[in-house]
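I have placed the structure first, in the form of structure tokens, so that the comments after it can refer back to it.
The values are calculated or read from the model by the stated rules, or taken from the named source; none is laboratory data. Since this is a predicted model, take the numbers as computed values, not measurements. Because the Cβ atoms are built from the backbone with ideal geometry, glycine has one as well, and the counts that use them run over all protein chains shown.
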């Protein structure tokens, strides 16, 4: 102990009531936590969560395709109009799921969500809704509201493409499926 300037004693290193030996694993854990980059933890967490989301979407897509395939039996037991209506609505719903998958994959590759993909997803869902209302002979007010939403979404999509933050010519995305019939 050393005397302080006021005549009191000060502790050089520690005194017994404020110091307790910490186990070695706690010191090791503290040194690891001090070196961890939280952005890297965030990236790993987001990638893991999105991987689970992609697996879930793919399972839902496979289930939807199986359901649509099983709905083909409706052609034998109910009227043609009812069975085709169900198959068309199922197919359009699957297209909406594909658009959600495309948006998720784009976020994984680019690190951002493209507005055009989100608008495309909503457009497909809205078209599905319009077709289902059309088959159920909906009122004209419902069609007018849905049509207004479609026009608004179309304008948003045009603006998003025209003023996109990505510069340069548009190229085929690496995760976009290309169909060739040659």
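Of the helices (runs of 4 or more DSSP H) lying entirely inside region 28-143, those containing at least 1 residues that are modelled with pLDDT of 85 or more and closer than 30 Å to residue 158 by Cα are 38-70, 80-110, 115-135. Of all residues in region 148-162, those satisfying the criterion of being in contact (Cβ under 8 Å) with a residue 12 or more places away in the chain and exposed (fewer than 14 other Cβ atoms within 10 Å of the Cβ) are 154, 161. Inclusion of residue 47 among residues that are in contact with a helix residue (DSSP H, G or I) (Cβ under 8 Å, 6 or more places away or on another chain) and more than 30 Å from residue 109 (Cβ to Cβ) is not warranted.
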